[in-house]
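Where a number appears in this text, it was derived from the coordinates with a stated rule and is not lab data. Remember, predicted model here, so these are calculated numbers, not experimental data. For neighbour counting, all protein chains shown are included, and Cβ atoms are generated from backbone atoms with ideal geometry for every residue, glycine included.
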4 protein chains.
Amino acid sequence: MRKLQIAVIGYNKDRCTEEARLMAYDVGCEIAKAGAILICGGLGGVMESACKGAKDNNGFTVGIIPQEDFSFANEFCDLVICTGIGFARDFITANSADGIISVGGGVGTLIEMAVGYMKKKVIVAIEGSGGVSDRYAGKYLDERRRVPILVVKDAHSAVQIFSCKVNHASS
Amino acid sequence: MRKLQIAVIGYNKDRCTEEARLMAYDVGCEIAKAGAILICGGLGGVMESACKGAKDNNGFTVGIIPQEDFSFANEFCDLVICTGIGFARDFITANSADGIISVGGGVGTLIEMAVGYMKKKVIVAIEGSGGVSDRYAGKYLDERRRVPILVVKDAHSAVQIFSCKVNHASS
Amino acid sequence: MRKLQIAVIGYNKDRCTEEARLMAYDVGCEIAKAGAILICGGLGGVMESACKGAKDNNGFTVGIIPQEDFSFANEFCDLVICTGIGFARDFITANSADGIISVGGGVGTLIEMAVGYMKKKVIVAIEGSGGVSDRYAGKYLDERRRVPILVVKDAHSAVQIFSCKVNHASS
Amino acid sequence: MRKLQIAVIGYNKDRCTEEARLMAYDVGCEIAKAGAILICGGLGGVMESACKGAKDNNGFTVGIIPQEDFSFANEFCDLVICTGIGFARDFITANSADGIISVGGGVGTLIEMAVGYMKKKVIVAIEGSGGVSDRYAGKYLDERRRVPILVVKDAHSAVQIFSCKVNHASS
């Protein structure tokens, strides 16, 4: 029986605010406490903070990295998927998620959101986390209005949504 | 000496309006007249109309399709790249463009825009073409403000921008 | 501290012999007993038997599947990576391995071996398992003679090689 | 009406012999004379020589490169597909071929052959060109015996085979 796989997406190392880092850490903690597996892009910023939060709570963390070599992953990944396909790996992160939590983020995060949206995944943005998470909170990514980007006040609420919703959303 | 490779992105078959189809046809015509190569995702809707426009003006057209088999490409492609990597091929379409012209479009178009934006490609939206082209016209896709989505009134103006701008934008 | 990630490759469902299935099951058992993570292509045949072996010994199993949807993975995968990039996912399976164990197999297995060989991974074929595993046992895949395909008599010996060799091979 | 797309695969820059370079040049010439499009991996060695041969005969050449940026392609490519997916682009080169001509080559060439073999493409090796082309000449890549690697004495014979065979092989 496969566990829930929750993707955390958001700011990379270059743009990550201290606030987003703390929020991402909390998201990692909550995913671990809920007994779900945390998947992410495996690099720095939000990805690293979320992995650290999960590890501090005995969670299991997966880094799906653009590069071919393990060494690019952050140190808090229990498992590293070395895609070697560059940033097209954003598709794999989103496809492999039962649900997605977004913390801030730039255009890379937008791509991951968009892939999740195409597949009608449950996507939750943390309120006030900045970047594309705030920009698209409560909105649809295109005219098709497939799924709204949900908004929550904090990490705990984000993970709670998944416990309720995900089983219906993921095929 | 490689010719300019201009990508046309936009509505797929399911959502394409008659207006967007005509605009895309014009874009194809202008690309061919300018002596550039038209690249696109190789399927229906905007992609097909643009290819037809280019073929009607003796242009050369390239379809970069998600599938493994040639048969999925529209009939106006001179060359078909069968990626077999699904919609992650959006990365390849955008990476392979010296510049991008957008006509309407949904979330798939947004992904192609976003990849182009990451790489600071010149991206031009046709005004009034609907979808994400109108939504992002004149805007930046994230806080980094790398390149604005330019807006033009018609296909002719779109292709003119490339003659001037592209050589500086593409590495 | 990341655990060892050992890839099991070999016959898919269509061509898998009963003998290869048993060998793959044993390989899965031994990987789990060694405390390593089993990664594989996530589908049937050798992949499924190896996963079952690992699960019967409280191991952790990862299926890296060609498709976009979880439902294609065999039921013994603890984690499913839905690549959506078709059989190009063979690159990801091999890139993500600290070492590779091969049980029988056809041309898909040969591709995974070849990717591992390019990256100088330790690759071990189980003797008598048939297919490309026997064909390349003890040989090099090209003139560069990067790494030989090692041969072992059974699953236990295969996993033992990794405990000794892998730390030096993987970067 | 799409033209025939013939892929040329073989030694990269590092290992290319002078003899293979000349053979590849001839292959490029013959593809152009036959009015087909030459596709290849877009880099050095056999790929570059084949492109040069085609260009010297007014052919059209396509380089499908691993990188994201045009600058990695050899100078004889009329069109560059910047996949950005690393060597997993081998799948795209082979998938996009109506037929494949192999000149020498190492493990990367073997992967392209293998992908073509999976899809039952017509694959022709030039006799005496070395590497995996000679190693697999006249053989099958696995027990399934899908298609044999055909052998021919020279470039002219290779291209002749395609004129006869390809229409039946490619779907």
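For residue C:153, go 7 angstrom from Cα along the Cα-to-Cβ vector, then report the distances to that same point in the other copies in nm, smallest first.
For residue C:153, the other copies' label points sit at 5.1, 6.7, 8.5 nm, shortest first.
Using Stokes-Einstein with the Kirkwood hydrodynamic radius over Cα pairs, what translational diffusion coefficient do you get for the protein assembly as shown at 25 °C and a viscosity of 0.890 mPa s, in µm²/s rounded to a whole number?
97 µm²/s
Nothing charged except the Cβ atoms of Lys and Arg (+1) and of Asp and Glu (-1): what's the magnitude of the dipole of the protein assembly as shown about its Cα centre? Round to the nearest 20 debye.
So the dipole magnitude of the protein assembly as shown works out to roughly 0 debye.
Semi-axes of region C:76-158's equivalent ellipsoid from the Cα gyration tensor, sqrt of 5 times each eigenvalue, largest first, rounded to whole Å?
Values: eigenvalues 87, 48, 27 Å².
Square roots of five times the eigenvalues give 21, 16, 12 Å.
With each run of n ≥ 4 DSSP H residues scored as -39500 (n - 2.57), what mean residue ellipticity at 222 nm is computed for the protein assembly as shown after dividing by its residue count and rounding to the nearest 500 deg cm²/dmol?
The helix contribution divided over the protein assembly as shown gives -11500 deg cm²/dmol.
How big is the charge dipole of region C:1-112 about its Cα centre, in debye rounded to the nearest 20, if each Lys and Arg gets +1 on its Cβ and each Asp and Glu gets -1 on its Cβ? If you can, show how the numbers build up before the last one.
Values: 9 positive and 14 negative charges, 43 e Å.
Computed charge dipole of region C:1-112: roughly 200 debye.
Specify, per residue and in Å³, the volume enclosed by the convex hull of the alpha carbon atoms belonging to chain C.
Measuring per residue, one finds 99 Å³ for the Cα hull of chain C.
How long are the three semi-axes of the equivalent ellipsoid of region B:96-141, in whole Å, if each is the root of 5 times an eigenvalue of the C-alpha gyration tensor, listed from largest down?
Semi-axes from the Cα gyration tensor: 16, 10, 10 Å.
What net charge do the residues around residue A:127 carry, taking every other residue with its C-beta under 9 Å from that of residue A:127, with Lys and Arg at +1 and Asp and Glu at -1?
Residues close to residue A:127 contribute a combined charge of -1.
State, to one decimal in nm, how far the label point of residue B:13 lies from the label point of residue C:140, with both points 7 Å from Cα in the Cβ direction.
For the pair residue B:13/residue C:140, the computed spacing is 5.0 nm.
Per residue, what volume in Å³ does the convex hull of the Cα atoms of region D:42-124 enclose?
In region D:42-124, the Cα convex hull volume per residue is 86 Å³.
What number results when the radius of gyration of region B:45-87, computed over Cα atoms, is divided by 2.2 N^0.38 Å?
Values: Rg = 10.3 Å, N = 43, 2.2 N^0.38 = 9.2 Å.
Scaled against compact globular proteins, the figure is 1.12.
Identify which of C:129, C:157, C:49 has the largest mean-square fluctuation in a Gaussian network model of chain C, with springs joining Cα atoms closer than 10 Å.
C:157
Among A:52/C:13; C:139/D:13; A:55/C:55, which pairs are too far apart, with a Cα-Cα distance over 29 Å?
Long pairs (Cα-Cα over 29 Å): A:52/C:13.
Quick one: label points 7 angstrom along Cα→Cβ at residue A:17, distances to the other copies in nm, smallest first?
3.6, 6.3, 6.3
Under 13 Å Cα-Cα from residue C:120, which aspartates and glutamates qualify once same-chain neighbours fewer than 8 residues away are excluded?
Those aspartates and glutamates meeting the cut-off are A:68, A:69, C:98, C:112, C:142.
Can you list, shortest first and in nm, the gaps between the label point of residue B:3 and those of its counterparts in the other copies, using a point 7 Å from Cα in the C-beta direction?
Going from nearest to farthest copy, the values are 1.1, 5.5, 5.6 nm.
Working only with C-alpha atoms, what are the Rg and Dmax values of region B:1-63, expressed in angstrom?
Considering region B:1-63 through its Cα atoms, Rg and Dmax are 10.6, 38 Å.
In chain C, what residue has the beta-carbon at the shortest distance from the axis of the rotation relating C to A, and what is that distance in angstrom, rounded to the whole number?
C:81, 3
On a C-alpha basis, how far is the centre of region D:26-92 from the centre of region B:22-53 in Å? Whole number, if you could?
Using only Cα atoms to place each centre, the spacing works out to 23 Å.
Build a GNM of chain D with springs between Cα atoms under 10 Å: which of D:150, D:110, D:79 gets the top mean-square fluctuation?
Taking springs between Cα atoms under 10 Å, the residue moving most is D:79.
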